[in-house]
1. Provide the per residue accessible area, probe 1.4 Å, for region 44-98, rounded to a whole number of square angstrom.
2. Rounded to a whole number, what % of the accessible area of the chain do carbon and sulfur atoms account for, probe 1.4 Å?
3. Put HIS159, HIS173, HIS33 in order of accessible area, largest first, 1.4 Å probe: what do you get?
4. With a probe of 1.4 Å, find how much accessible area region 102-224 has per residue, and write the answer as a whole number in Å².
5. Distance in nm between label sites at LEU203 and ASP223, each 7 Å beyond Cα in the beta-carbon direction?
6. Ordered by packing density, taken as the mean number of other Cβ atoms within 10 Å over each peptide's residues, highest first, how do 204-212, 116-124, 40-48 rank?
7. Stretched out fully, how many nm does the piece from LEU78 to GLU183 gain, at 0.36 nm a residue minus the Cα gap?
8. Can you compute the label reach from PHE87? Point 7 Å from Cα along the Cβ direction, backbone N cut-off under 16 Å, restricted to region 185-200.
Amino acid sequence: TGGKWLFVNDSVAKLLFSQLPGEEISSLTNGIHLRFTDLEQAALVKERLEQALSRLGIAPYWKVETFSEFAFAKPLLLELRSQKNLFSLIAMVMLLVACSNIISLLLILVKDKRREIGILRSMGASKTSIAAIFALVGAVIGSISSVLGIGAAFFTLRHIQTLVDTMSRWQGHEMLSPVFYGELLPQEMNPEAFWFVVGVTALFSTLAACIPAMQACRLSPSDA
């Protein structure tokens, strides 16, 4: 591995191959290994290579495989993909709980500000402007929360190794095994995840604020 070659005699080679299942033996045979940085393009690169081999008329003599098709890599990649989906689901549940808290907070705020709402309505404020005030409050709460959460995320990423080491000592074994997660954990924020959190949090906060805003705009001056 790693672009290195190891020369052994026939007996050692036979011993190594005898310890592997049949589907994994093919991954150790001679071939051309192509490496690039963007792993998401692996399927596209494979398709183009197969087309090129077909145009040259040598496709029957070559088998093009991506890293995800290796027998020893499939279970690991599926497990990592499942964990990613699980963490995404947990994040969505946490976001919905946070939106529920925003709704509760603004409902209490509407109840406490009944008199002020009545004064504004009697002075000629429209229902739309009253609703916009509380919608703006929800958007501000969501924006401030996003800034605080992203700041905490950057801080955690900068000290992720210290956190993992502490958790490993606490539970008595390696928390994130280097076999699966590598020797160095990522310490950079994914731009796509960054903008997704910012956009979705602001959107959900504003939508959550619409329920109290509608209640506030329906409040008549006489009732207040």
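The values are calculated or read from the model by the stated rules, or taken from the named source; none is laboratory data. In this text the structure is predicted, and so the values were computed from the model without any measurement. We place every Cβ from the backbone using ideal geometry, glycine too, and count neighbours over all the protein chains shown. Please note that ligands, DNA and RNA were not included when accessible areas were found on the heavy atoms of the full protein model with its side chains. Shrake-Rupley method; radii C 1.70, N 1.55, O 1.52, S 1.80 Å.
1. On the way: 4420 Å² over 55 residues.
Computed with neighbouring chains in place, this is 80 Å² per residue.
2. 65
3. Numbers: HIS159 85, HIS173 110, HIS33 140 Å².
Largest to smallest exposure gives the sequence HIS33, HIS173, HIS159.
4. Values: 8370 Å² over 123 residues.
Counting only protein heavy atoms, the per-residue value for region 102-224 is 68 Å².
5. According to this spin-label approximation, the distance is 3.2 nm.
6. Working: 204-212: 21.0, 116-124: 14.6, 40-48: 12.2.
So the peptides 204-212, 116-124, 40-48, ranked by packing, come out 204-212, 116-124, 40-48.
7. Numbers: separation 105, 0.36 × 105 = 37.80 nm, distance 2.05 nm.
Computed gain between LEU78 and GLU183 is 35.8 nm.
8. Hits in region 185-200 for PHE87 at 16 Å: 185-197.
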